[in-house]
Every structure is written in structure tokens, then in C-alpha cells.
Amino acid sequence: MRSTSGMRKLVNRIEMELKEQDICAVYNSELERVWPKKTSPAKRKQEIKRFAKKHQLEVTFYDVGLCAVFEKPHRAPSERTFVLPLQSKPVSQTRKRPASRSRQR
């Protein structure tokens, strides 16, 4: 049975971390508070994927001790915005020469 307060804490932690960085890694010790280890690994992953989808997140699993890495969904290539930094060119100012006075002879 899932802990709703544990789920809420997890959601808050993930949301807070994703405001400051691109990913949020959640390790097995935290995952088991919401999805106990006694659940089969395949079912746990399935439930974590459902959780990620519900909260509009992408999730990647690393099986060494089970680590779930959550991130904001990637945009489709057509929706991506690219910002290219422009290198500024040094500004060289030329002095205007004073108008030459014609000598009268």
C-alpha cells in the first residue's frame, strides 16, 4: 500500500529539484517509502513509470540498487528553441579629423 504523505513528499522534492536543475535522482531508500521492495521489481518500475507520467515527467532507471532519475519531458525537435550566443565584435572608433582649413595665399 502506498503512503500518500510519502508520495506528496516525493512529488514536492522532485518539483523543487527540477526548478534548480535538469534532473532529480531518487534512490531506492526513498523509492521504497512509496513503492515497497516486497513488490516485484517489474511492478515497482511499472508503478514508478505511471507516477512519472501522471506528473508529466520522464523517468530513467538504473538497476544498481534501483535509482530512478526524473526529468522534465523533452520537447519535440520542432518545438525546441535554440539560443545562439552572439560574439560581440570589438568596437573601434575612428576619430573624425577636424575639417582642414584651406590656406589662403
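The values are calculated or read from the model by the stated rules, or taken from the named source; none is laboratory data. Model, not experiment: these values are computed from the prediction. Note: ideal-geometry Cβ built from the backbone for every residue, glycine included; neighbour counts use all protein chains shown.
The residues of region 50-79 that are modelled with pLDDT of 85 or more, polar (S, T, N, Q) and more than 23 Å from S40 (Cβ to Cβ) amount to a single one, Q56. Comparison of R13, R50 shows that the only residue that is of a type in the set (K, R), surrounded by 12 or more Cβ atoms within 10 Å (Cβ to Cβ) and either in a helix (DSSP H, G or I) or under 18 Å from the mean Cα position of the chain (by Cα) (or both) is R13.
Summed over region 5-46, the residues that are within 14 Å of C67 (Cα to Cα) and in contact (Cβ under 8 Å) with a residue 24 or more places away in the chain give a count of 13.
Please indicate, with yes or no, whether at least one residue in region 21-34 is within 14 Å of the chain's Cα centre (by Cα), in a helix (DSSP H, G or I), loosely packed, with under 10 Cβ neighbours inside 10 Å and not hydroxyl-bearing (S, T, Y).
Of all residues in region 21-34, those within 14 Å of the chain's Cα centre (by Cα) come to 21-25.
Still in the running and in a helix (DSSP H, G or I): none.
Taking every residue of region 21-34 in turn, none turns out to be within 14 Å of the chain's Cα centre (by Cα), in a helix (DSSP H, G or I), loosely packed, with under 10 Cβ neighbours inside 10 Å and not hydroxyl-bearing (S, T, Y).
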